[in-house]
Amino acid sequence: MDYLEIEGGNRLSGTVTIDGAKNAALPLIAATILSDKPVTIDNLPRVNDIFTMLKLLGNLGATYTFEENRATIDATTIDNTTAIYDIVRKMRASILTLGPLLARFGICKVSLPGGCAIGQRPIDLHLKALEMMGAEIEIKEGYVIATAPEGLKGATIVFDKITVTGTENIVMAAALAEGETRIINAAKEPEVVQLCEILRDAGIEIEGIGSDELVIHGTGGGLIDIRHITVIPDRIEAGTYLCAGAITNSTITLEHVNHAHLVSIILKLQEMGYDFEIEKERITIKPASRIKSIRISTTEYPGFPTDMQAQFMALALIAEGTSTIEERLFENRFMHVSELNRMGADITLNNHTATVEGEADLNGADVMATDLRASSALVLAGLIAKGTTTVHRIYHLDRGYVKLEEKLQKLGAKIRRLKE
Ligand code: UD1
């Protein structure tokens, strides 16, 4: 197994290129199931979650190529509608095949993803919405078995909670349903917006894109002609590198970013004292003279993202005074706290709120990655800790960050990948 070894204490400088957004690419790959022609996707990040999603489609009978950052997927050859446990267990987002498979074939069987390190993560809202659209759902032997022999019908759906992949699943299902589907309390994340725009470009009439109420006019079953896709930049990868610049109090530039997607993150960093220079597709973060403490509450877009909570917790360790970070989306997303404390941090947890004492004296240690974003927080802490930090179980990191250690090396960090 690979691990990362980091020597802390270096300032960073230079430019880092941000890859395409994994969380935008996953539903777009699933959406190719709706297409009557092969689809080419550019700016696809070469991370393990993307390989897993492609493998899943391949297992269903699709063919694909994936070279550099371009994949061409031909899902017209799908002849199997079972998403098997062995692939789904590796990545919860496999559930994104449920909506499009059911919409196209009227039947499918998708393994239940199960819990994960950051909490239970149920899919009840996906299933309830599909039932509203006429699907019959049965849970048997760890699988969701969904049938809609007459095809899916448009319906009005009110999500009790805002769900990103739930909204994406229902948008894709609605694209081939008969009539109009209205989704109330829809997710507004840029990744949802891109999926809607791609379906709209393929001829599906969708009203309210980017708002919390979407109206989708389905084809009644006919497949659609999805054109060429270029995946949007990864706002979480970008946010993580901004935190790398911030925690080392350095000047670094990010290119290939969409700063409109980064507003809540940039505002928090500005509140802490950092300066920015923002150009078209580039952002430069500049050092702060004083690094102030923060209060963060994670919430849905456009609010502060839960996927940046762990990285900001690492950053709060160098601020003056006490910061508080409330996690409102996932009940168990604080696994990095005990690892950061092993490095000398003073973080206490009270229900869903972490209290972080600043100006911490961090020392390198052996630490364990527990989920994708928690892993990057440990790397960030390693950049400033005295001595050597070793981050184990980085397969979590490889799910979502393209060549993290190479990108950080290029910025001047002393980090290398080794084998246990
Ligand atoms: C997506 C992102 C993930 C991010 C999360 C929140 C992808 C592939 N993943 O995950 O990186 O952290 O959004 O921004 O895009 N819920 C239910 N029932 C459901 C569905 C969700 O109770 O059927 C709850 C969840 O437990 C959670 C909240 O709703 O508390 C939001 O989850 P959701 O938006 O669905 O997260 P994902 O789509 O899984």
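Quick notes
- Subset of segment 164-181 [surrounded by fewer than 24 Cβ atoms within 10 Å (Cβ to Cβ) and within 25 Å of the chain's Cα centre (by Cα)]: Val164
- Residue check for Ala369: crowded, with 22+ Cβ neighbours inside 10 Å and in contact (Cβ under 8 Å) with a residue 24 or more places away in the chain: yes
- Matching option when the condition is of a type in the set (Gly, Ala, Ser), open to solvent by less than 40 Å² (accessible area, probe 1.4 Å) and part of a helix (DSSP H, G or I), among Ala310, Ala354: Ala310
- When residues of segment 322-349 are limited to those that are within 16 Å of the ligand (Cβ to nearest atom) and open to solvent by 70 Å² or more (accessible area, probe 1.4 Å), the one farthest from Thr306 (Cα to Cα): Glu331
- Inspection of segment 164-178 finds no residue satisfying the criterion of being away from the ligand (no atom under 16 Å from the Cβ), among the aliphatic types (A, V, I, L, M) and closer than 19 Å to Pro45 by Cα.
- Any chance His261 is within 16 Å of the ligand (Cβ to nearest atom) and within 23 Å of Pro190 (Cβ to Cβ): yes
- On inspection, Ala155 qualifies as open to solvent by 10 Å² or more (accessible area, probe 1.4 Å), more than 15 Å from Leu101 (Cβ to Cβ) and of a type outside the set (Asp, Glu).
- For the residues Glu213, Glu150, the requirement of being among the charged types (D, E, K, R), within 27 Å of Asp74 (Cα to Cα) and out of contact with any Leu (no Cβ under 9 Å at 6 or more places or on another chain) singles out Glu150.
- Test result for Thr32, away from the ligand (no atom under 15 Å from the Cβ) and β-branched (Val, Ile, Thr): yes
- Looking across segment 96-137 at every residue that is modelled with pLDDT under 95 and within 8 Å of the ligand (Cβ to nearest atom), the one that is most open to solvent (accessible area, probe 1.4 Å) is identified as Gln120.
- Verdict on Glu237 being open to solvent by 30 Å² or more (accessible area, probe 1.4 Å), over 30 Å from Asp36 (Cα atoms) and either modelled with pLDDT of 95 or more or among the small types (Gly, Ala, Ser) (or both): no
- Output for segment 176-215, where each listed residue is more than 16 Å from Val164 (Cα to Cα) and assigned to a helix (DSSP H, G or I): Leu176, Ile198, Leu199, Arg200, Asp201
- Residues in segment 85-110 that are over 17 Å from Leu26 (Cα atoms) and not acidic (Asp, Glu): Tyr85, Leu102, Ala103, Arg104, Phe105, Gly106, Ile107, Cys108, Lys109.
- Failed condition for Gly203, given (1) small (Gly, Ala, Ser); (2) more than 28 Å from Ser264 (Cβ to Cβ); (3) within 14 Å of the ligand (Cβ to nearest atom): (3)
Results for (1) in contact with a Gly (Cβ under 7 Å, 6 or more places away or on another chain); (2) not β-branched (Val, Ile, Thr), shown as yes or no for each residue.
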residue	(1), (2)
Ala75	no, yes
Thr81	no, no
Ala103	no, yes
Met132	no, yes
Tyr143	no, yes
Ala146	no, yes
Pro149	yes, yes
Phe159	yes, yes
Gly166	no, yes
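- Figure legend. Inter-residue proximity from segment 59-82: first residues open to solvent by 70 Å² or more (accessible area, probe 1.4 Å), second residues of a type outside the set (A, V, I, L, M, F, W, C), beta-carbon distance below 6 Å, spacing 6+ or different chains. Indicated pairs: Thr63/Asp74; Thr63/Thr77; Thr65/Thr72; Arg70/Asp42; Asp79/Gly61.
- Tabulated pairs, segment 226-248, first farther than 19 Å from Asp307 by Cα, second in a loop (DSSP other than H, G, I, E, B) and of a type in the set (D, E, K, R), C-beta under 8 angstrom, 6+ apart or interchain: Ile226/Lys37; Thr248/Arg11
- Residue within segment 364-381 that is farther than 25 Å from Ile18 by Cβ, part of a loop (DSSP other than H, G, I, E, B) and within 16 Å of the ligand (Cβ to nearest atom) present: no
- Matching residues in segment 1-29 - criterion: being out of contact with any Pro (no Cβ under 6 Å at 6 or more places or on another chain) and part of a strand (DSSP E or B): Asp2, Tyr3, Leu4, Glu5, Ile6, Glu7, Ser13, Gly14, Thr15, Val16, Thr17
The values are calculated or read from the model by the stated rules, or taken from the named source; none is laboratory data. Predicted model only: the values in this text are computed from it and were never measured. No Cβ is skipped: glycine too gets one built from the backbone with ideal geometry, and neighbour counts run over all protein chains shown. We work out accessible area using only protein heavy atoms, side chains counted, and drop any ligands, DNA or RNA first. Shrake-Rupley method; radii C 1.70, N 1.55, O 1.52, S 1.80 Å.
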